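Structure, as structure tokens:
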Amino acid sequence: MEIPNAAVEVEFRTLSEKSAIAAFCLQDPALYGYYLGDLDDFFFDSCTFFAAVDPKGRALEIVLRYDPPSGGSSSIQAFSLKPGKAPILERLICYIRDSGNLPRSFYFHSRHEHTEPLHKLLCAPAVNSDVTVQLMQTFGEHYKMRLDVESFKRIWSTRIAESKARSGATLLTEEDANTIKKLYDDNYPGNYFDSTTLATGMFVGLLDDPNGEKEPARTFNSAAGVHAIAPEFGVASIGNVVTRISDRGKGFGEVCVAVLVQKLMEERRIKNISLNVEADNIGAIKLYEKLGFVIHSSIEESEYRAVV
């Protein structure tokens with residue numbers, strides 16, 4: 001297969017210097033929220049950063065591979081800094097493929113307009129290997145949304161701070177893992193939940209019974225947490241937002257996300273907060289917009305598996 005834009009002189013290698021990764025990603029904290037969040041020591045050992053570097057050692061493109069410590073499918077984030085054609089990113093994907101660094105099973109994330117060309121490169125035969133990659137399913141277009149902090153502050157002070165439902169908001173712990181997993185399994189099937197993220201201390205649940213008068217007392221009607229967080233860089237990516245089906249439309253999800261955002265800003269000094277949402281999930285988009293989130297970019301999510 002023809003190598004995209006081979007005339008540009010670049011070196012392809014793994015990148016382990018956090019300062020170099022951060023310098024590149026801070027050009028667009030919303031787009032690279034997962035990259036920056038995974039620079040935190042809590043996540044960093046589970047990550048591999050692949051980079052296309054110019055002769056002066058500056059990163060031109062970076063691809064993130066995350067292998068969850070709890071097992072399961074890996075994740076590859078391949079976002080080009082700029083929209084439009086991305087020949088250097090395409091060459092970096094070829095390098096990852098041909099060097100045997102594609103996982104056996106993985107979720108793939110890229111800008112919406114880059115999905116088709118990167119798909120062709122992922123599924124092309126690797127050099128000196130009998131392993132090929134097949135597309136298993138696509139999850140369609142998603143929006144990456146970023147928080148407008150000033151808008152959120154106004155919303156918090158005028159609507160959320162005095163909400164009755166807020167009294168049931170509590171931080172979750174690792175002891176809540178089984179309860180929360182059941183909440184996802186029953187109400188958000190197919191959702192990816194990594195229980196180790198509970199240890200970040202930034203996972204909020206809305207108690208069914210804030211007064212503890214019922215048994216079992218610690219059950220939840222809504223939850224929201226972080227996929228990645230790096231206080232050093234002031235960045236967090238929110239995910240795993242769920243509300244019990246029978247409790248939807250009551251504002252519980254809004255309160256849960258709002259409390260999480262407030263804690264991220266107050267307790268961890270996070271300034272750049274982003275999340276991903278399905279482009280056709282109008283209800284969720286409206287919920288996030290009510291809290292001050294705005295659409296930042298269009299992305300695509302797919303699942304791949306290696307075969308011999």
Practice prompt. Normalise the Debye intensity by I(0) for segment 37-130, one equal point scatterer per Cα, no solvent, then take log10 at q = 0.10, 0.19, 0.24 Å⁻¹ and round to two decimals.
Written response: -0.27, -0.96, -1.37
Discussion item. Quick check: residue separation of E278 and T196 times 0.36 nm, minus the Cα distance between them. What number comes out in nm?
Written reply: 27.1 nm
Worksheet, complete the sentence: Flagged as over-length at 20 Å C-alpha distance, from K144/K182; K164/K250; K18/K263, the pairs are K144/K182; K18/K263
Worksheet, complete the sentence: Mean projected area, convex hull of alpha-carbon positions in segment 135-255, reported to one decimal in nm², is 9.5 nm²
Discussion item. As I understand it, the dipole of segment 169-308 uses +1 on the Cβ of Lys and Arg and -1 on the Cβ of Asp and Glu, about the Cα centre. Which of G292, V226, A279 lies farthest toward its positive end?
Written reply: G292
Response to the item:
The answer for the longest stretch of the chain without any exposed trypsin sites (Lys or Arg not before Pro) (DSSP loop, at most 15 further Cβ atoms within 10 Å) is 105-213
Worksheet item: Between Q27 and S151, what is the FRET efficiency for a Förster distance of 22 Å, r being their Cβ-Cβ separation, to the nearest 0.05?
Response: 0.45
Worksheet item: Can you pull out the GluC sites (Glu not before Pro) in segment 239-308 that DSSP calls coil and that have at most 15 other Cβ atoms within 10 Å?
Response: none
Item to complete: Using packing as a proxy for protection, rank 196-202, 133-139 so that the peptide with the highest average count of other Cβ atoms within 10 Å comes first.
Response: 196-202, 133-139
Item to complete: Can you tell me the dipole magnitude for segment 239-294 around its Cα centre, using point charges on the Cβ only (Lys, Arg +1; Asp, Glu -1), in Debye to the nearest 20?
Response: 160 debye
Practice prompt. Place +1 on the Cβ of every Lys and Arg and -1 on the Cβ of every Asp and Glu in segment 74-200, take the dipole about the Cα centre, and give the residue among I96, F152, M136 whose Cα lies farthest towards its positive end.
Written response: F152
Worksheet item: Counting other Cβ atoms within 10 Å of each Cβ, which chymotrypsin sites (Phe, Trp or Tyr not before Pro) in segment 154-250 have at most 16 and sit in a DSSP loop?
Response: Y192
Worksheet item: If the chain between R218 and V127 were fully stretched, how many nm would it gain, using 0.36 nm times the residue separation less the Cα-Cα distance?
Response: 27.4 nm
Fill in: Within-14-Å neighbourhood charge of S195 [Cβ basis; K, R +1; D, E -1]
-3
Practice prompt. Could you look at segment 225-308 and say what percent of its accessible area is carbon and sulfur, using a 1.4 Å probe and all protein chains?
Written response: 48 percent
Worksheet item: Counting only heavy atoms of protein chains, what accessible area per residue, in Å², does segment 147-238 have with a probe of 1.4 Å?
Response: 50 Å²
Item to complete: Taking amide H positions as placed in the peptide plane 1.01 Å from N, state which residues far from V241 in sequence (5 or more) or on other chains have amide H under 5 Å from it.
Response: G225
Worksheet entry | Charge dipole (debye, nearest 20) of the chain; +1 at Cβ of Lys and Arg, -1 at Cβ of Asp and Glu | 640 debye
Worksheet item: Which net charge results when you count Lys and Arg as +1 and Asp and Glu as -1 among the other residues whose beta-carbon is under 14 Å from that of S129?
Response: 0
Practice prompt. Extending each Cα 7 Å along its Cβ direction at F139 and S105, get the distance between those two points in nm, one decimal.
Written response: 1.5 nm
Fill in: Angle between the chain longest axis and helix 177-187 axis [Cα atoms, degrees, rounded to 10]
90 degrees
Worksheet entry | Only Lys, Arg (+1) and Asp, Glu (-1) charged, at Cβ; segment 32-76 dipole about Cα centre in debye | 200 debye
Worksheet item: So who's got an amide H within less than 5 Å of the one on I270, skipping anything under 5 residues away but keeping other chains? H placed 1.01 Å off N, in plane.
Response: M265
Worksheet item: Taking K and R as +1 and D and E as -1, what net charge do the other residues with C-beta under 10 Å from the C-beta of S46 add up to?
Response: -3
Worksheet item: Taking θ as phi - 60°, what are the ³J(HN,Hα) couplings along segment 65-82 by the Karplus curve (6.51, -1.76, 1.60), each to the nearest whole Hz, with x for Gly and Pro?
Response: 10, 10, 10, x, x, 7, x, x, 5, 7, 9, 10, 9, 10, 9, 7, 4, 10
Worksheet entry | Convex hull volume of the chain per residue (C-alpha atoms, cubic angstrom) | 129 Å³
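The values are calculated or read from the model by the stated rules, or taken from the named source; none is laboratory data. All of these numbers come straight from a predicted model, not from anything done at the bench. Here Cβ is always computed from backbone atoms with ideal geometry, including for glycine, and neighbour counts include all displayed protein chains. With ligands, DNA and RNA removed, areas are computed over all heavy atoms of the protein, side chains included. Shrake-Rupley method; radii C 1.70, N 1.55, O 1.52, S 1.80 Å.
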